[in-house]
Amino acid sequence: MKRTKHTLLLLALLLTSTSLFSREIIRINFDWKFTLGEQKNAQSLKYDDTKWQDVQLPHDASIYGPFVKDSLGGNAVNGYRPKNIGWYRKHLTIDKKNIGKKIFLEFEGVYRASDVWVNGAHCGTFLNGNLDFQYDISKLVLEGDNVIAVRYDNREKSSRWYTGEGIYRDVYLHVLEPVHVDRYGTYITTPKISKESAKVVVETNVTNDRTDSIICKLVTDIVSPWGKVVTTRTSVVPLTGGENFKFHQEMKIDAPVLWDINNPALYKAVTRVFVKEQLSDVYEINFGIREVEFTPEEGFLLNGRKVFLKGVCLHQDLGPLGVAAFESGWEKRLSILKNELGCNAIRLSHNPYPKFVLDWCDRNGILVFDEAYDKWDEQYYGKGNSFQNYWKSDVETWIKRDRNHPSVFIWSVGNEVFQQIRKEQAEAGVTLLKEMTDFVHKLEPSRKVTCAMYPSRFNSLSHRQKGYLEAEPHPIAFYMDVMSVNYMAKFFAKDRQKYPQLTYLISEEVTTEDGLRYFEYDHSYVAGQFYWGGTEYIGESFGWPSKGWINGPIDLCNNFKPLAYNIKSFYKDEPVVRIAVWENKGETLDWNDVKMTTKPKKTSWNWTDDDSLTVQVFSNCEQVELFINGKSQGVKAINRSKPEFIWRVKYEKGEIKAIGINEGKTEAQHIVRTAGTPHRIILETDKSTLSADGLDLAYLKVKVVDKDNIIVPTATNKIVFKVSGTGSNAGVGNGDIKSSELWQADSRSVYNGECQLIVRSGREKGKITVEATSPGLKGMKLQLQTK
């Protein structure tokens with residue numbers, strides 16, 4: 001549903017009544033108080049919070065301050081960040097006109113084990129830190145001043161990666177009339193689609209929270225992608241006091257425009273609820289008309305044609321911002337993945353993501369592998385809280401929340417679950433998967449259900465043990481609609497011969513060895529693949545000083561590492577040429593029975609004279625020619641089964657150039673020049689104008705360059721930032737995942753000659769001035785605007 005800071009109003013042409021009472025959705029992210037540690041009676045109205053910190057949401061309380069090792073919960077799993085108890089408080093004014101209406105308080109995410117009070121009354125406890133929840137506070141609020149108090153407890157180990165902590169997603173107040181559409185109360189399907197027409201089925205749950213019986217009229221308009229009402233259906237039913245009724249409406253759309261990754265056309269269902277011809281509620285939901293299908297012969301089909309899924313897996317931190325869920329931060333990341341890396345799909349590992357992530361994917365044509373869980377254990381609910389007692393309620397919320405998104409093509413209910421890893425738990429794993437799959441199908445039958453497997457073999461042998469290659473698929477594989485495996489695509493050909501009914505999807509694939517496992521299996525019948533991970537992320541470190549996963553093709557500051565250009569050359573059709581240089585073999589690690597070799601490849605031509613170097617050019621062109629200071633080092637032709645272009649050369653100061661050739665013509669080139677000594681700072685911003693909503697972000701790339709404006713890759717200068725005016729410093733980084741510098745700070749050293757400053761807009765229109773300085777360098781000022 002569309003979320004705004006003001007009342008959702010329909011266009012006048014859609015109204016059939018002059019009396020308008022619409023739901024009001026108010027974001028209440030601002031002017032909260034926060035403190036770490038346990039506090040006695042902090043939920044009380046009389047509690048004195050004047051010494052607490054002023055914070056604006058979204059807020060990740062764990063991303064601030066130094067890293068910790070083996071104390072306060074800091075370890076490799078969570079990126080050496082502290083794990084705490086914390087409290088928030090907020091004063092909230094309720095207008096007299098809203099007393100007597102239905103008022104709901106929604107939190108899109110609080111990590112973890114949150115308790116919420118309103119005016120000292122306990123609303124409830126919610127354990128899952130990755131899912132939204134809401135409370136009916138209609139009878140708790142008063143006209144005028146009210147107090148919301150929130151406590152979280154993140155001290156337990158609850159994840160295999162960094163989760164952050166606190167109120168890290170948006171908070172909303174929903175004000176509704178007593179007769180209204182339920183939370184996630186609309187479900188839209190398109191069971192019949194042709195070029196001529198599409199059948200649209202809209203199911204809408206309406207609640208009458210009045211004590212008396214009423215006559216309820218429901219009018220649903222379908223609005224086309226170009227804003228025209230194309231069909232309308234009206235239904236009228238009597239509702240008794242307290243009754244919840246599901247309306248079922250069927251409509252026909254002529255000449256439908258299909259949602260597709262290349263043309264993400266969105267229709268909108270606008271539902272109006274009337275009581276005695278008075279408008280009581282307006283509910284809007286976007287949807288797409290499209291058909292998704294899996295077959296053993298072709299893998300994944302979208303609207304009847306095969307689409308090979310070219311994806312990456314993600315975790316939900318935004319680097320220097322932690323897990324604080326800024327919509328503009330996610331827009332930045334997702335646009336890079338789609339437009340620059342060439343992804344047509346993403347996997348939301350391993351939990352529900354902010355709603356706006358799916359909204360963006362709907363609007364921009366990225367397919368979503370939507371996942372609820374990692375392990376089926378206490379991971380999401382805490383020690384002593386059985387997974388079995390909670391999953392149904394949370395899965396129902398997740399499915400109802402996400403079911404109208406056309407971008408979602410599959411549901412995943414788990415990842416590498418212990419019931420599948422441990423042979424003695426196999427029977428229990430099959431039983432639970434069947435239960436979960438059936439539960440999801442009853443809620444939402446139009447999509448397939450999967451559970452990502454590792455290992456995918458029944459005997460759980462290591463790849464080094466005898467019999468591993470002869471092992472059979474794990475029994476759990478036969479009880480999911482699509483067989484998703486992590487790192488085990490090498491078994492597909494063998495399994496397909498014996499089990500021709502199976503459909504295959506690679507839920508995780510390694511990025512090491514330049515991502516070349518992309519070419520090691522038959523794409524014709526496999527649905528697609530997702531590289532792990534698409535970006536570096538905090539946590540799941542291999543050990544100090546690394547603060548997270550090191551093998552992502554994109555670093556914590558959204559910069560392409562050399563590897564990203566190789567993946568781009570697989571995922572995109574446009575010509576790609578990119579130089580990478582290294583001088584040693586790197587290191588090899590074992591991870592999930594996969595040997596992962598990483599080499600310190602750099603896009604740099606600053607080395608020592610006569611160094612013996614390996615130059616690799618990432619390209620999808622037919623031929624690549626390499627030049628050093630104008631002298632050709634030879635032409636190499638592509639091997640389509642393993643595209644590698646590698647030269648051994650001696651370093652010569654100056655220029656190295658690679659050109660990509662197709663059909664005898666130069667299609668692309670990349671030039672790297674030797675840099676001189678650091679001379680000045682350059683600031684570049686991805687936007688010059690920000691919304692004055694307190695939530696917009698500008699990403700500033702900070703470069704240290706020589707006198708010829710060439711980035712100095714060997715520079716380590718510390719840059720000091722000053723941000724003034726109608727914005728603030730939201731975080732700093734430099735792409736070095738081993739750095740122990742603070743992410744929330746007013747300075748940062750450059751790494752490979754660059755660092756990053758993220759600026760957050762304020763809530764007033766005006767100017768933001770950013771100044772960057774460093775001893776011995778010419779500084780720079782940059783001005784942004786908030787409107």
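The values are calculated or read from the model by the stated rules, or taken from the named source; none is laboratory data. Bear in mind the structure is a predicted one, so any value in this text is a computation, not a measurement. We place every Cβ from the backbone using ideal geometry, glycine too, and count neighbours over all the protein chains shown. When the accessible area is computed, the model is the full protein with side chains, heavy atoms only, and any ligands, DNA or RNA have been set aside. Shrake-Rupley method; radii C 1.70, N 1.55, O 1.52, S 1.80 Å.
Tabulated data
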read-out: Complete set of residues in region 125-154 that are over 24 Å from the mean Cα position of the chain (by Cα) and assigned to a loop (DSSP other than H, G, I, E, B); value: Ile137, Ser138, Lys139, Leu140, Val141, Leu142, Glu143
read-out: Residue match in region 314-330 (condition: under 21 Å from Asn551 (Cα atoms) and assigned to a strand (DSSP E or B)); value: yes
read-out: All strands (runs of 3 or more DSSP E) inside region 1-64 with 1 or more residues being modelled with pLDDT under 95; value: none
read-out: Options Glu396, Glu378: the member that is under 24 Å from Val171 (Cβ atoms) and either charged (D, E, K, R) or surrounded by 23 or more Cβ atoms within 10 Å (Cβ to Cβ) (or both); value: Glu396
read-out: Subset of region 399-449 (residues that are open to solvent by 50 Å² or more (accessible area, probe 1.4 Å), part of a loop (DSSP other than H, G, I, E, B) and over 23 Å from Arg363 (Cβ atoms)); value: Arg422, Pro445
read-out: Residue in region 712-720 that is buried (at least 17 other Cβ atoms within 10 Å of the Cβ), without any contact (Cβ under 8 Å) to a residue 60 or more places away in the chain and within 18 Å of Thr603 (Cβ to Cβ) present; value: yes
read-out: Count of residues meeting criterion [acidic (Asp, Glu), open to solvent by 10 Å² or more (accessible area, probe 1.4 Å), touching a residue at least 40 places away in the same chain (Cβ under 8 Å) and assigned to a strand (DSSP E or B)] in region 275-313; value: 1
read-out: Selection count, region 736-762, where residues are part of a strand (DSSP E or B) and open to solvent by less than 20 Å² (accessible area, probe 1.4 Å); value: 7
read-out: Criterion (under 20 Å from Arg457 (Cα atoms) and out of contact with any Cys (no Cβ under 6 Å at 6 or more places or on another chain)) met by exactly one of Tyr531, Tyr521; value: Tyr521
read-out: Which numbered condition Asp153 fails, given (1) farther than 12 Å from Val110 by Cβ; (2) surrounded by fewer than 23 Cβ atoms within 10 Å (Cβ to Cβ); value: (1)
read-out: Pick from region 604-655, criterion of a type in the set (Lys, Arg) and over 17 Å from Ala668 (Cβ atoms), ranking: farthest from the chain's Cα centre (by Cα); value: Lys631
read-out: Breaking point among (1) over 30 Å from Gly654 (Cβ atoms); (2) touching a Lys or Arg at 6+ places or on another chain (Cβ under 8 Å); (3) of a type in the set (A, V, I, L, M), for Ile681; value: (1)
read-out: Filter result for Leu516 (assigned to a loop (DSSP other than H, G, I, E, B), surrounded by fewer than 20 Cβ atoms within 10 Å (Cβ to Cβ), on the phi < 0 side of the Ramachandran plot and not acidic (Asp, Glu)); value: no
read-out: Within region 659-681, considering residues that are of a type in the set (A, V, I, L, M, F, W, C) and surrounded by 17 or more Cβ atoms within 10 Å (Cβ to Cβ), the one farthest from Val732 (Cα to Cα); value: Ile661
read-out: Test result for Ala692, crowded, with 16+ Cβ neighbours inside 10 Å and not in a strand (DSSP E or B); value: yes
read-out: Selected residue (only one of Lys653, Lys568 is at pLDDT 95 or above, open to solvent by less than 50 Å² (accessible area, probe 1.4 Å) and of a type in the set (D, E, K, R)); value: Lys568
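For (1) farther than 26 Å from Lys355 by Cα; (2) assigned to a strand (DSSP E or B), each residue gets a yes or a no:
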{"position": "Trp226", "(1), (2)": "no, no"}
{"position": "Arg233", "(1), (2)": "yes, yes"}
{"position": "Phe247", "(1), (2)": "no, yes"}
{"position": "Val273", "(1), (2)": "no, yes"}
